[in-house]
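Here is the structure we will look at, set down as structure tokens.
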Amino acid sequence: MGADYLIVGSGLSALVFGALMADAGKRVTILEAHSHPGGFGHTFTMAKKYTFNAQLHYVWNCGEGETVNRVLRHLGLDQKVTFERYDPDGFDHMRMPGYSLAIPSDPDELARRLCAMFPNHRKQIQAFLTDLSLTSEGLGKPSSWVSPSALFRHGSALACIFKYRNSTLQDVFDAFRLPQAAQTLLASQWPDFLLPPDQLSFFAWVLLFTGYQRGAYYPTRHFEHVIDSLVAVIEAGGGEVLLDYEVTRFSVSGKQVTELQATDLKQKQTKTFRGDSVICNMDPKRAVSMIGGKHFSNTLHRKLNYDYSPSNFVAYCVVNDLDLRDYGFGKWNTFHSGHQNLNEAFAKMYQHHDYSNPSFAITTPTLLTDKVRDCPEGHQVLQFLTVADYDYFKRLKASGKKAYNTRKNEILDAMLDVMEAHYIPNLRAHLVYSITGTPTTNERYCGCPQGNSYGSNLTPNNIGLGRLSHKSSLQNLYFCNASSGFAGFAGTFWTGAMLYQKLSGERIL
């Protein structure tokens, strides 16, 4: 007997969908090629004592009544899977030559801080922040604006949605003539998108920026606990999450997927799986290529014509006999830029592979929760993240391990130089462990084409009404991943829950 829902891939959106369906009494089987579930949310251990998350650093939409909370509450997990909030007085600390700004949760306080720093640009700053708020409102719950009175009340928000629908963040900065330093401070969390202001969709920036303003969070028991809790719900409902199973073939008859073939990578055996519905958490482009393009409509092929998001370089470090709180770190992330112009900073690293003056994110997971430890007593974890070009690192790796590893060490050294010059003068003396990851690492361990971090790129062309949805041209095949929904922790929770609502008819969001 086959599953009610056969799911290819165990990224967060798939786990959320699978947990909701299993909790509703449906038979769920998940096939995952990796040895860990969770996609970019998975946790891994190095040197038998240091625990790191693959990519997630902080999350949003976890507050009472918000998307993540509502899903967890529906699953009976809201008291088990809890979150620690970042400092509301400054959840993101922006640093650049001559300027420093802590981004507060209170929008009025953000306006006050910016206007105090740039008193000659108060009107532009206030006007920009007003449209930021209105755009956030417009992106909130437009489906509830069905009456003429509601449309009237939200008229200004709707006007912003229409006005900025094709805009980059840089377009809007320029429209309000914000000073360059203010632009950089507001957009310094660009590693959250891996795009600079002149490429990033204004809508994508608004959603994330205002989402974090409502509350930036870190799981009380780390991301591993979130993933394991969702898997436990699936298994408790009689479902199964099969790891090290790589799907190699989709069989199609008429307008339906009839079965899948997957290789058990441990046993080196090929097995056949069937499901009434197939949920595709793998990259939609890759899935369509495997199935055969002839089975899909021209409309779908046009929606699949997206470019992938850039990838990243990440360094996982452990320090000993050093309290990072003594050096200005705490319940916040720090974003450092050696340039005032983030577009130029991005181009240097991504296009020219020049990391001599890097711009990057700094996160300190061990300062965010004291409920569990991811390293021995007296140690703390310090992580860095910035953008990286997949093709560049693929060529390096193909040329040999020595060139590849040498370049990784050079980039880490450039970041450590910045850290010692601006934050922790004697950092290297306390560094006891470090390991780096590149776009090819992402591709290998997370199965993402070209090492992409967010599926389709978060540019205006990829954000909008023409975006790929859960629908495919086959009657029982549904997409459920970042490219067919939205990326990030909150985005993938929303994607999985929305597909559950559409297929079950039960509303939880």
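The values are calculated or read from the model by the stated rules, or taken from the named source; none is laboratory data. Values in this document were obtained by computation on a predicted structure and should not be read as measured data. A quick note on method: Cβ atoms are made from the backbone with ideal geometry, for glycine too, and the neighbour counts reach across all protein chains shown.
Consider the range 171-210 and keep the residues that are farther than 16 Å from TYR350 by Cα and charged (D, E, K, R). The one that is farthest from the chain's Cα centre (by Cα) is ARG177.
Conditions tested, residue by residue: (1) more than 19 Å from the chain's Cα centre (by Cα); (2) within 30 Å of PHE360 (Cα to Cα); (3) not aromatic (Phe, Trp, Tyr).
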site: GLY2; (1), (2), (3): yes, no, yes
site: VAL28; (1), (2), (3): yes, no, yes
site: GLY38; (1), (2), (3): no, yes, yes
site: GLY41; (1), (2), (3): no, yes, yes
site: LYS49; (1), (2), (3): yes, yes, yes
site: TYR58; (1), (2), (3): no, yes, no
site: GLU64; (1), (2), (3): yes, no, yes
site: LEU75; (1), (2), (3): yes, no, yes
site: ARG85; (1), (2), (3): no, yes, yes
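Would you call ALA236 under 20 Å from the mean Cα position of the chain (by Cα), of a type in the set (A, V, I, L, M) and either farther than 30 Å from PHE118 by Cα or not assigned by TED's automatic domain parsing to the domain that holds ALA22 (or both)? Considered against the rule, which asks whether it is under 20 Å from the mean Cα position of the chain (by Cα), of a type in the set (A, V, I, L, M) and either farther than 30 Å from PHE118 by Cα or not assigned by TED's automatic domain parsing to the domain that holds ALA22 (or both), ALA236 comes out as no. Among the residues making up the range 262-299, those that are within 24 Å of GLY466 (Cα to Cα), crowded, with 20+ Cβ neighbours inside 10 Å and in contact with a strand residue (DSSP E or B) (Cβ under 8 Å, 6 or more places away or on another chain) are VAL278, ILE279, CYS280, ASN281, MET282, PRO284, ALA287, ILE291. Determine if the range 275-290 includes at least one residue that is of a type outside the set (Asp, Glu), under 30 Å from LEU75 (Cβ atoms) and more than 28 Å from the chain's Cα centre (by Cα). Checked the range 275-290: at least one residue is of a type outside the set (Asp, Glu), under 30 Å from LEU75 (Cβ atoms) and more than 28 Å from the chain's Cα centre (by Cα). Of all residues in the range 1-43, those that are surrounded by fewer than 22 Cβ atoms within 10 Å (Cβ to Cβ) and not in a strand (DSSP E or B) total 11.
Taking the range 215-303 and the strands (runs of 3 or more DSSP E) fully enclosed by it, the elements with 1 or more residues that are touching a helix residue (DSSP H, G or I) at 6+ places or on another chain (Cβ under 6 Å) are at 217-219, 240-243, 245-253, 275-280. Residues in the range 421-453 that are of a type outside the set (A, V, I, L, M), more than 17 Å from LEU194 (Cα to Cα) and at pLDDT 95 or above: HIS422, TYR423, PRO425, ASN426, ARG428, HIS430, TYR433, SER434, THR436. Residues that are of a type outside the set (A, V, I, L, M) and either surrounded by 15 or more Cβ atoms within 10 Å (Cβ to Cβ) or modelled with pLDDT under 95 (or both) within the range 74-87 comprise HIS74, ASP78, THR82, PHE83, GLU84, ARG85, TYR86, ASP87, listed in sequence order. Here ALA102 meets each of (1) among the small types (Gly, Ala, Ser); (2) more than 21 Å from the chain's Cα centre (by Cα); (3) within 27 Å of SER434 (Cα to Cα) with one exception, condition (3).
To keep it simple, each residue is scored yes or no on (1) in contact (Cβ under 8 Å) with a residue 60 or more places away in the chain; (2) under 19 Å from THR168 (Cβ atoms); (3) surrounded by fewer than 17 Cβ atoms within 10 Å (Cβ to Cβ); (4) basic (Lys, Arg).
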| position | (1), (2), (3), (4) |
| --- | --- |
| ILE463 | yes, yes, no, no |
| LEU468 | yes, no, no, no |
| SER472 | yes, no, no, no |
| LEU477 | yes, no, no, no |
| ALA497 | yes, no, no, no |
| LEU503 | yes, no, no, no |
| GLU506 | yes, no, yes, no |
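Considering the range 125-148, and only residues there that are modelled with pLDDT of 95 or more, closer than 13 Å to LYS163 by Cα and touching a Cys at 6+ places or on another chain (Cβ under 7 Å), the residue that is surrounded by the most Cβ atoms within 10 Å (Cβ to Cβ) turns out to be THR135. Against the condition of a type outside the set (Lys, Arg), at pLDDT 95 or above and either crowded, with 20+ Cβ neighbours inside 10 Å or under 25 Å from the mean Cα position of the chain (by Cα) (or both), how does GLU410 come out, does it pass? Criteria not met by GLU410. Checking each residue in the range 13-37 for being modelled with pLDDT of 95 or more and small (Gly, Ala, Ser) picks out SER13, ALA14, GLY18, ALA19, ALA22, ALA24, GLY25, ALA33.
Any idea how many residues of the range 79-92 are in contact with an Asp or Glu (Cβ under 9 Å, 6 or more places away or on another chain) and over 15 Å from TYR217 (Cβ atoms)? Residues in the range 79-92 being in contact with an Asp or Glu (Cβ under 9 Å, 6 or more places away or on another chain) and over 15 Å from TYR217 (Cβ atoms): 1 in total. When the range 90-110 is filtered for residues that are in a helix (DSSP H, G or I) and surrounded by fewer than 18 Cβ atoms within 10 Å (Cβ to Cβ), the ones remaining, listed by number, are PRO107, ASP108, GLU109. As for the range 392-406, it holds at least one residue that is over 29 Å from ILE103 (Cα atoms), touching a His at 6+ places or on another chain (Cβ under 6 Å) and either at pLDDT 95 or above or not assigned by TED's automatic domain parsing to the domain that holds HIS36 (or both).
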